[in-house]
1. Kindly provide the helix-only [θ] at 222 nm of the chain, computed as the sum of -39,500 (n - 2.57) over DSSP H runs of four or more divided by all residues, to the nearest 500 deg cm²/dmol?
2. Just to be sure I follow: if Rg is taken over the C-alpha atoms of the range 265-333 and Rh is the Kirkwood radius over the same atoms, what is Rg/Rh?
3. Looking at the range 46-75, which trypsin sites (Lys or Arg not before Pro) are DSSP coil and have at most 13 other C-beta atoms within 10 Å of their C-beta?
4. Taking R0 as 25 Å, what FRET efficiency do you get between T124 and T56 from their Cβ-Cβ distance, rounded to the nearest 0.05?
5. Return the distance in nm (one decimal) between the two label points of a simple spin-label model at K247 and Q225, each offset 7 Å from Cα along Cα→Cβ.
6. GNM, the chain, Cα, under 10 Å: largest mean-square fluctuation among S93, S270, S322?
7. Hey, rough spin-label estimate for E107 and D160, points 7 angstrom out along Cα→Cβ, what's it come to in nanometres?
8. Which residue, L220, L254, L234, has the most motion in a Gaussian network model of the chain that connects Cα atoms within less than 10 Å?
Amino acid sequence: MVVAQVGLISFSSCISSALRPRFRFSSFNDHKPLLVVAAMSDDPIREWILSEGNATKITGIRSIGGGCISMANRYDTDAGPFFVKTNRGIGPSMFEGEAVGLNAMYETSSIRVPKPYKVGSLPTGGSYIIMEFIEFGASRRDQYVLGRKLAEMHKAAKSDKGFGFQVDNTIGSTPQINTWTQDWIDFYAEHRLMYQVQLARDQYGDSSIYQKGQKLAKNLGLLFQNVVLEPCLLHGDLWSGNITYDKNGEPVILDPACYYGHNEAEFGMSWCAGFGAAFYKGYFEVMPKQPGFEERRDVYMLYHYLNHYNMFGSGYRSSAMSIIDDYLRMLKL
C-alpha cells in the first residue's frame with residue numbers, strides 16, 4: 001500500500017512571483033464558520049492540532065513533497081494523522097479559496113474529497129491549511145465509478161445565485177474571478193476567456209490572440225443552441241494530478257478551483273486527465289449528454305490552454321490559437 005499525499009498543489013500550477021494573485025478574497029469567515037482563520041501564535045499549526053484537533057501529542061512530522069507553490073507535511077498524532085500544506089510567500093487568501101471549495105464539495109456527500117479544517121497565517125509570513133489525511137494506494141482505479149461520482153456531485157449541488165462562486169480563487173496561480181452572473185455564456189466569456197486573452201495581451205503583447213479570442217467570446221451563444229445551462233458545482237481543475245483513489249478503491253479529487261458552472265466545463269482539462277470510455281459512460285448515465293457536446297468540448301479546453309500559455313509561456317500558444325481559429329472558421333466569424 002502506498003501512502004500518498006492529499007491536496008498537493010501540482011507542478012502545472014507553477015507561476016512567477018510577478019503573477020501571483022493580487023486581488024482580495026472575501027472574508028472566509030463570512031462563508032463557512034467551520035473554517036476560521038487562525039489567530040497568530042508561534043506555531044499555529046501545532047496549537048490547532050493540540051486543541052481543536054483533539055490530539056494530546058504530535059508523534060511525528062514528515063514531508064510528503066509538494067509542488068512549486070506549496071509544501072506538504074503529514075502530522076502524526078495520537079488522534080490520527082493530519083495533512084498540512086504551507087506556503088511561505090502567499091497569504092491565506094489562496095488557501096481560503098481552496099478550503100471553501102473543498103467544503104462545498106465535501107457537503108455534497110458524493111465524491112470523496114479531503115475535509116478542510118483550518119486556514120491561517122504563519123507568524124514568519126505565509127500561510128497554511130490543515131485538512132483530513134487520506135491514505136491512497138488502491139491498485140483498482142475504476143473510471144466508471146469516478147464518472148458516476150463526479151456526475152452525482154454536479155447533480156446534487158446547484159446554485160440559486162447564478163454562475164460563479166462565493167469567493168474568487170486561483171487556477172494554478174492565476175486569479176480566477178467568480179463574480180456571480182445570471183447568464184452562463186456571459187460568465188464564461190467575460191471571466192474565463194476574455195480574462196485570459198487580456199492577460200496574454202498584457203503579459204506578452206499578444207494582440208492577435210486577444211483580438212481573435214475576443215471575437216470568439218462575443219459569439220459563444222452560437223454553440224449553445226437548445227442546451228440546458230444549470231449552475232452545477234465544479235471542481236474546476238480536474239486533471240490526472242488532482243484525481244486519485246483511496247485504499248478502498250474509491251475515487252478522490254483534490255486541489256480544486258471551484259465555481260458553479262455548466263457541467264461540461266468540468267472536462268476542460270480532459271486533454272491531460274486520461275478520461276476513457278468507461279468514465280464518460282458512468283458520467284452520462286447520471287448527467288445525460290446534451291446536443292452539441294462534442295462541438296463545445298474544445299471551447300472549454302481553450303480556457304485551460306490559455307491559462308497554461310499565461311503561466312508557462314509560448315509552448316501552449318499554438319494549441320490555444322488553433323482552437324480559436326477552428327471555432328472562428330466553424331462559426332463563420
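Nothing in this text is a laboratory measurement; each read-out follows from the coordinates by a stated rule. Everything numeric here is computed off the predicted structure, so don't read it as measured data. Cβ sites come from the backbone with ideal geometry, for glycine too, and all protein chains shown count toward neighbours.
1. Values: 9 runs with 104 residues, N = 333.
So the helix-based figure for the chain works out to -9500 deg cm²/dmol.
2. Values: Rg = 13.6 Å, Rh = 13.3 Å.
Rounded to two decimals, Rg/Rh equals 1.03.
3. Values: sites: R46, K57, R62, R74; in loops: K57.
Answer by residue number: K57.
4. Working: r = 26 Å, r/R0 = 1.05.
In this case the efficiency is close to 0.45.
5. Output for this residue pair reads 5.5 nm.
6. Greatest mean-square fluctuation among the candidates belongs to S322.
7. My value for the distance between the label points is 1.3 nm.
8. Result: L220 has the largest fluctuation of those listed.
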